[in-house]
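All of the numbers you see were taken from the coordinates with simple rules; none came from a lab. Source: prediction; values computed, not measured. A quick note on method: Cβ atoms are made from the backbone with ideal geometry, for glycine too, and the neighbour counts reach across all protein chains shown.
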Amino acid sequence: MLHIKIQPTLMVLAFVLLPGCNHESETMPMTAPLTSELTAAEMRADLEQYHDSVVEASAYLESKRRDQSVDVTQTRDRLLARVSSKTTKQDFALLLKEFAASLKEGHSDAFSDVAPEVFPFSWPIGFLAVREGVMVANLNWLANNPGLKPGDLLVKVDGKPIEEFLQSRMAITTASTDHARRTIAVDQMHWSSLSTVELEFEQQDGSILNSIFHCLPGRVDYRNRDLKEFCTHSTVADKIVKIEIPSFIWNNDAFFAAATDEARDAVIDDAKSRIDDAFSAAADARGVILDLRNNEGGLELLSIYVAEHLVAGDFTYFEIERQDSALLRSRPGYQNMDRSEFGKRISQRPRNWLSFRHFEGDTYDGPLVVLINERCFSTTDNLCAFLRDVRPETKFVGMPTNGGTGEPAHVDTLTNSGARIQFCVSRVYSPNGRLIEGSGTLPDVRVERDRESAIRRQDPAMEAAIRILQD
């Protein structure tokens, strides 16, 4: 979530997009390498600086220490011990990624210019995490198929057992909870530093298939996230309406370029109208299924607008408390803020934001089931936490959310490498005062994706939601 200041106590937060690409844009721009090499001493100094910045300015350091065993000093010392005269710029870029991931905060990252892109290739196969392991899910990009089928399980990567390989990837994958980290690591495991890969599979008939595959240039997004429509609705059973919102992203460039609140609201007016249409279609429904699965966040104003369709009155959407740090107050965007905006917990009551269009019609107060999974993050985590507290009769079905929210900022630039480090500088609390980061929302009915339902393109979570509303 990116921070922009709109009114004295209003912060609009937007999710920072995960790197990826689609069929229209299958390659990521490569980062240009620096012309000079980094010495081991310079790398170590940057790791020390990274550590000190986190200690001073991270909003979640104490809760991460207490609840998730995060120890940034131990991480620093472990990474320092791995630096030597043989450490390359690319090696160091991975060390920075590992430091970011060790914070167990989904918005944490290190944007490095010290090396070319760490993973400039993609395997020609997409995978999905299921109960039984890691299965083949997308073969559309594979030119010469040696006999693979969707549902075949990946068992080895370059001779390494899949769980061992996944652990190495999880070490550089940022997420706020361990279950989300694994899911995201599988989503991204096809990114490769090499142009070929040897993969071994257990096929559905029990046979073993081993083959060397040539990788594709760039990072392929096998999930095709950009192809989903913003907000759709359909009747999935007798008087049960599904509203699907796969993202809260909407014309972000224009939104953040707008100079006034009114101009920002105009940018998202069409998105609000689509939300209006969806809930209008559900006005007489016996139940609504709000499908937020895979929604990695976006503009907070849009998630709030959904909340206004579900909860009447002047509610508190969340509370936010910015870390009071001299380092943060020295950064662009924070230098001119009043000291009262640091170290103070402030309730965010959206209906007091007079420059934005709010929903003024009848709210939907009937039965509601929300579909969630490990990719629900940031803005979406805030909406789920709000509904859990303020609309407690709501049922959640699926898998636990990522549990990541806050105010991410580029807090420091490392002196020698020029890497920009990002982490959350504000804590976000649910209306009832719960810290959302690191916990997220747990489902009332847990439904884990299994191999057979994925092969058959069945949706057991949706089926469970329908059953709840029919009972």
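Taken one residue at a time, the phi angles of the stretch 158-170 give Karplus couplings (6.51, -1.76, 1.60, θ = phi - 60°) of 6, x, 9, x, 4, 5, 5, 5, 4, 4, 5, 6, 5 Hz. Gly and Pro are set to x.
Summing charges over neighbours of D450, with a neighbour being any other residue whose Cβ is under 14 Å away from its Cβ, gives +1 when K and R count +1 and D and E count -1.
The alpha carbons of the stretch 267-346 stretch over 53, 24, 23 Å along the principal axes, in descending order.
3J(HN,Hα) along the stretch 269-279, derived from phi through the Karplus expression 6.51 cos²θ - 1.76 cosθ + 1.60 where θ = phi - 60°, amounts to 4, 5, 4, 4, 5, 5, 5, 4, 4, 5, 6 Hz, with x in place of Gly and Pro. Electrostatic bookkeeping for G404 treats Lys and Arg as +1 and Asp and Glu as -1; over the other residues with beta carbon under 9 Å from its beta carbon, the sum is -3. Calculated from the alpha-carbon coordinates, the chain shows an Rg and a Dmax of 22.7, 69 Å respectively. Here the stretch 344-457 has an Rg and Dmax of 18.0, 57 Å, counting Cα atoms alone.
If both residues of a DSSP beta bridge must be in the stretch 365-451, then about 50% of such bridges are antiparallel. With bins 10 Å wide beginning at 0, the percent of Cα pairs of the stretch 127-169 falling in each bin runs 27, 51, 22.
Residues whose amide H falls under 5 Å from that of D412, counting only those 5 or more places apart or on a different chain, are I421, with hydrogens built in the peptide plane. Remark: C-alpha extents of the stretch 402-466 on the principal axes read 52, 35, 13 Å, sorted largest to smallest.
Restricting attention to the chain, close to 75% of DSSP beta bridges with both partner residues there are antiparallel.
3J(HN,Hα) along the stretch 62-74, derived from phi through the Karplus expression 6.51 cos²θ - 1.76 cosθ + 1.60 where θ = phi - 60°, amounts to 5, 5, 5, 4, 6, 9, 10, 6, 6, 9, 5, 5, 5 Hz, with x in place of Gly and Pro.
Cβ crowding within 10 Å ranks K160, K97 as K160, K97, fewest other Cβ atoms first. Per-residue ellipticity at 222 nm, computed for the chain from helices alone with -39500 (n - 2.57) per DSSP H run of at least four residues, works out to -8500 deg cm²/dmol. For A57, neighbours were defined as the other residues whose beta-carbon sits under 14 Å from its Cβ, and their charges (Lys and Arg +1, Asp and Glu -1) total -2. Looking at the stretch 121-217, the pairs of alpha carbons with a distance over 24 Å make up 15% of the total.
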